[in-house]
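Read the structure below first, then the notes.
The values are calculated or read from the model by the stated rules, or taken from the named source; none is laboratory data. Source: prediction; values computed, not measured. Cβ coordinates were reconstructed from backbone atoms using ideal geometry, including for glycine residues, and neighbour counts include every protein chain displayed. Note: areas computed on protein heavy atoms with side chains; ligands, DNA, RNA excluded. Shrake-Rupley method; radii C 1.70, N 1.55, O 1.52, S 1.80 Å.
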Amino acid sequence: AHVTFARAGAEAIPAEDASADVVVMFKSLHHVPVAAMDTAMAEIRRVLRPGGLAYISEPVFAGDFNEVLRLFHDESAVRRAAFEAAQKAVSEGVLELAEQRFFQVRNDFDDFADFENRVLGVTHTDHDLGPDLYEQVRRTFEGYMGPEGARFTMPMRVDLLRRPG
């Protein structure tokens, strides 16, 4: 009864000032336009009550899985920008760092068809791979196949930020 969910861009959160106990961004800050990331951090502060927490979970662009992704969808720059935006918000006193955690998440695929369905076939991004690039992605992915499929670990970072006050 006391939980509200809202879907909106982080740079314009449809909530009253100091009205939220928690803001959650799960693998989404790097999808905010880079030029709007500082605005997003200010918006998070605006809607949080003093002492309120922002849980910002972001994939780190590193590891074998990202070597496959890099071929057709290189997010290294936007993920770095998201990390820098969180760091800047802390260094400028917009938010305080309560805790930072790094951990690994498994991302397993039975075969290339599974990868194609779950990654290349997602509806939120148009991965328009021509035949040559498609073949390069397939070959690179196949290089990670083992007897039980392709097993990847993906590094993740969580910044638990607090509104001062």
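With the requirement that a residue be assigned to a helix (DSSP H, G or I) and open to solvent by 10 Å² or more (accessible area, probe 1.4 Å), what does segment 47-59 give you? Listed by number, the list is empty, since nothing qualifies.
Here the condition is being of a type in the set (Gly, Ala, Ser), assigned to a helix (DSSP H, G or I), at negative phi and loosely packed, with under 14 Cβ neighbours inside 10 Å; of ALA62, ALA77, ALA82, it holds for ALA77 alone. Residues that are under 17 Å from the mean Cα position of the chain (by Cα) and under 18 Å from SER76 (Cα atoms) do occur in segment 119-129.
The single residue among ALA10, ALA18 that is of a type outside the set (Ser, Thr, Tyr) and buried (at least 19 other Cβ atoms within 10 Å of the Cβ) turns out to be ALA10.
For the criterion of being crowded, with 20+ Cβ neighbours inside 10 Å and out of contact with any strand residue (DSSP E or B) (no Cβ under 8 Å at 6 or more places or on another chain), ALA40 passes. The single condition among (1) open to solvent by 70 Å² or more (accessible area, probe 1.4 Å); (2) closer than 30 Å to ASP132 by Cα that LYS88 does not meet is (2).
Among residues that are open to solvent by less than 70 Å² (accessible area, probe 1.4 Å), touching a Lys or Arg at 6+ places or on another chain (Cβ under 9 Å) and over 17 Å from VAL32 (Cα atoms), PHE109 is included. Could you check how many residues of segment 1-19 are more than 21 Å from the chain's Cα centre (by Cα) and either outside any loop (DSSP other than H, G, I, E, B) or in contact (Cβ under 8 Å) with a residue 12 or more places away in the chain (or both)? Residues meeting the conditions: 5.
For segment 124-132, the count of residues that are among the hydrophobic types (A, V, I, L, M, F, W, C), outside any loop (DSSP other than H, G, I, E, B) and touching a residue at least 40 places away in the same chain (Cβ under 8 Å) is zero.
So is GLU96 modelled with pLDDT of 95 or more and surrounded by 14 or more Cβ atoms within 10 Å (Cβ to Cβ) or not? Criteria met by GLU96.
Taken over segment 26-37, residues that are open to solvent by 70 Å² or more (accessible area, probe 1.4 Å) and either part of a helix (DSSP H, G or I) or free of Cβ contacts under 8 Å to residues at least 24 places away in the same chain (or both) amount to 4.
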